[in-house]
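The values are calculated or read from the model by the stated rules, or taken from the named source; none is laboratory data. Here the structure is a predicted model, which means the values were calculated and not measured. For neighbour counting, all protein chains shown are included, and Cβ atoms are generated from backbone atoms with ideal geometry for every residue, glycine included. The area values use the complete protein model at the heavy-atom level, side chains included, leaving out ligands, DNA and RNA. Shrake-Rupley method; radii C 1.70, N 1.55, O 1.52, S 1.80 Å.
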Amino acid sequence: MLRYFVALAQAGTYTRAAEILRVATPSLSQQISKLEHEIGVRLFERDHRGARLTDAGSEFFPMAINLLSVHDQAIGVVRRHRRAAQQQIRIGFFATVAGSRTREILDKLRNAVPGIKIELVQVGWGEQVLAILDGRVDVVFARPPLDTTHIRAFPVLTEQRVLAMSANHRLAAKSELKASDLAEVVQVDTDNVPEGWRRWWSVDPRPDGSPVTYGPLVHGVDEMLEVVATSDVVAVTAESLVAAFSRQDIVYRPISDIDPTQIVLITPLEERVTINALVHAVR
């Protein structure tokens, strides 16, 4: 119930929170009502705009966040301990694993830990850190910016950010772009990532201070590319996607005057033999 409460508090509406949690809206409403009944106080005010925290809910919110964090970390430690004892490692990724270095790194890991069982697990781009904390995976090849409070981060490679667009888009005729070229484009939006991550990847605000015009919501690479291919909406993404997601109806152009992106390996704070071997493999 705590997870439902936190999701609703962060999303602001039952519909959006239910989508994030991947549950039916009535189920979410029932869980919130059950929580309020158990603790004997209203946590939300409901109106036509959604759900707003009451004074009690506002006080409860940071404590609920901390409780969930401790719970997830405890579960994660136990799950990683079990896999390490069995010489297994679950590696999370959301797009291209380690880019051009993927095969090299995995081969080094297999040589360092003979017989290791490697499982690659796709995670949502808003779940890069959470997937480690709750133990779904042992490590993640991730894209900053990230909250590194409860994790360690090791650089893997640096690459350009590129603009993905339809082959028919007016900017497709250019071989290279500048941030100023994006002045009047409409970009994809997302609502399942930290706000700082969303803005950095969207180059929002632009270097000249101008805001971004957002369009359709997407929740992963596949959705993003379908929107881009079938409309004039564009997306800022990473150079390694060019080879991994090559399509005739999409072109990618480098944006020369914005900061590059990184792939980093993020790991839990506690150390395991299998995790340490992977850390050495990326160096």
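For the range 63-179, the fraction of alpha-carbon pairs lying more than 22 Å apart is 47 percent, rounded to a whole number.
Scoring 144-156, 222-234 by mean Cβ neighbours within 10 Å over their residues and listing the highest first yields 222-234, 144-156.
Taking 28 Å as the straight-line reach from the Cα of Lys117, the lysines in range (excluding those fewer than 8 positions away in the same chain) are Lys108.
Listed by chain and number, the aspartates and glutamates whose alpha-carbon sits under 17 Å from that of Lys178, ignoring those within fewer than 8 places in the same chain, are Glu159, Asp204, Asp208, Glu239, Asp257, Asp259.
Counting charges near Glu159 (Lys, Arg +1; Asp, Glu -1) among other residues having Cβ under 11 Å from its Cβ returns a value of +2. For the range 166-283, carbon and sulfur atoms together expose 50% of the accessible surface, with a 1.4 angstrom probe and every protein chain in place. For the range 54-60, just list the computed ³J(HN,Hα) in residue order, Karplus coefficients 6.51, -1.76 and 1.60, θ = phi - 60°, integers in Hz, with x standing in for Gly and Pro. With the stated coefficients, the range 54-60 comes to 6, 4, 5, x, 5, 6, 6 Hz.
Note that the range 66-79 has calculated 3J(HN,Hα) couplings of 5, 4, 4, 4, 5, 4, 5, 5, 5, 5, x, 4, 5, 5 Hz, one per residue in order, obtained from phi through the Karplus relation 6.51 cos²θ - 1.76 cosθ + 1.60 (θ = phi - 60°); glycine and proline are x. The candidate values are (i) 1.12; (ii) 1.01; (iii) 0.92; the one derived from this structure for Rg/Rh (Cα atoms, Kirkwood Rh) carries the label (ii). Rounded to the nearest Hz, the phi-derived 3J(HN,Hα) couplings of the range 199-209 under the Karplus curve 6.51 cos²θ - 1.76 cosθ + 1.60 (θ = phi - 60°) are 5, 5, 5, 8, 6, 10, x, 5, x, 8, x, where x marks glycine and proline. Computed from the C-beta positions of Ile65 and Ser175 and an R0 of 51 Å, the FRET efficiency is 0.65 to the nearest 0.05. A simple packing score, the average count of other Cβ atoms within 10 Å per residue, orders the peptides 38-46, 124-132 as 124-132, 38-46, with the highest score first.
Between Ser256 and Ser100, what's the calculated FRET efficiency when r is the beta-carbon distance and R0 is 25 Å? Round to 0.05. For Ser256 and Ser100, the calculated efficiency is 0.80. For Thr158 and Met1, the FRET efficiency from 1/(1 + (r/R0)^6), where r spans their Cβ atoms and R0 equals 35 Å, is about 0.25.
With +1 on each Lys and Arg Cβ and -1 on each Asp and Glu Cβ, and nothing else charged, work out how big the dipole of the range 117-186 is about its Cα centre, in Debye to the nearest 20. Show your work: numbers first, answer last.
Working: 8 positive and 9 negative charges, 35 e Å.
Charge dipole of the range 117-186: 160 debye, to the nearest 20.
Classification of the range 53-108 by its C-alpha gyration tensor yields an oblate form. The axis ratio a/c (a ≥ b ≥ c) is 1.5 or more, and b/c is at least a/b. Per-residue ellipticity at 222 nm from helix content only, as computed over the chain with -39500 (n - 2.57) for each DSSP H run of at least four residues, stands at -12000 deg cm²/dmol. Sorted on the mean count of surrounding Cβ atoms within 10 Å across their residues, most packed first, peptides 47-56, 267-276 read 267-276, 47-56. Surface analysis of the chain yields an accessible area of 50 Å² per residue, using protein heavy atoms and a 1.4 Å probe.
Here's how it looks for Val139: its modeled amide H is under 5 Å from those of Arg90, Gly92, which are all 5 or more places away or on a different chain.
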